[in-house]
Structure formats: C-alpha cells, structure tokens
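Okay, so here's the structure we're looking at.
The values are calculated or read from the model by the stated rules, or taken from the named source; none is laboratory data. From a predicted model like this one, the values you see are computed outputs, not experimental measurements. For neighbour counting, all protein chains shown are included, and Cβ atoms are generated from backbone atoms with ideal geometry for every residue, glycine included. Accessible surface is based on the protein model in full, side chains and every heavy atom, while ligands, DNA and RNA are left aside. Shrake-Rupley method; radii C 1.70, N 1.55, O 1.52, S 1.80 Å.
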Amino acid sequence: TKMKIFFTKKQYETLIKMAYLGSWLANACRTGDDGDMEIEEIEQYIYSFAKDFRLEDLLEQSESGSIYPTRAFEENLDTYIDEYNDENFWDELVHSLARRDFVEHYGKDVVSKMEMSELFEKEELFIQKI
C-alpha cells in the first residue's frame, strides 16, 4: 500500500529536521552495520526530495550517493540534541541515585520480589527525596 502526502516547503523542512533527529536518536550510539537500516533508508528517502523544494542548501550528497545535512544545518539542530542530553543526564542521575538508595533501604532480595506496582510506588518516594 502506498500513500501520497503533500507538504508545504516549511513542513518539508520540519520533516527533514525530524528525520535527522529521529535517525540521530536511533543510531548515534551505534557504529557501522549496527545502525537501524530501516530508519536510515527512510531518512535518505525523505532527504531525496530536497531539490523539489529548493532546499538542497540544507543537504549535501557524498561521493557514495548518501545525502546528509550540511554542517550548518546540523549545528542548528544540535540545540535539540544538547537539550535532550542535558535533561536526560539529570533524569538518569536522579533515577540512579534513587534506585541505589531504594535498594539499600529494602535490600536486593526484597526488591527483586516486589510486584512492579509496589516497586514503582515505593521507589517514587526515593525519587522525590532527591
């Protein structure tokens, strides 16, 4: 099944941003063949329409034919990534410290036998303390 979708130039530019950020999230920690090829393929497909919208200045093509955001466009999107990383760091830190204190308080054996609802309820108290 195929579907036809119409975009304004501005909507397409937003779609390019979303494709880049989604691909970054899925593949930033992966190398080489470990990347999610489905995501990379759809990202390349989305990028392939840049000329139709006269937005080819946002993207460049490598010798192998792959299309990538220009460095300037990528730097513009780094703000989203930096904000995500900052927020994620603090959130993970809080949860890690809370989990540590929670396990210290109840003990590993007791925690491992808790129902998920009980675990979340009791752990939340430790999260709120931090």
field: Search result, residues across region 58-108 that are aliphatic (A, V, I, L, M), without any contact (Cβ under 8 Å) to a residue 24 or more places away in the chain and either touching a helix residue (DSSP H, G or I) at 6+ places or on another chain (Cβ under 8 Å) or under 18 Å from Glu121 (Cα atoms) (or both)
entry: Ile67, Val103
message: Considering only region 94-101, I want to know if a residue exists there that is of a type in the set (Asp, Glu), at pLDDT 90 or above and surrounded by 13 or more Cβ atoms within 10 Å (Cβ to Cβ).
response: yes
message: Take residues that are under 30 Å from Tyr12 (Cα atoms) and tell me which of the helices (runs of 4 or more DSSP H) falling wholly in region 33-128 contain 3 or more.
response: 37-47, 71-106
query: In region 1-46, what residues are more than 18 Å from the chain's Cα centre (by Cα) and among the aromatic types (Phe, Trp, Tyr)?
result: Phe6, Phe7, Tyr12, Tyr45
message: For region 6-23, which positions are aliphatic (A, V, I, L, M) and open to solvent by less than 100 Å² (accessible area, probe 1.4 Å)?
response: Leu15, Ile16, Ala19, Leu21
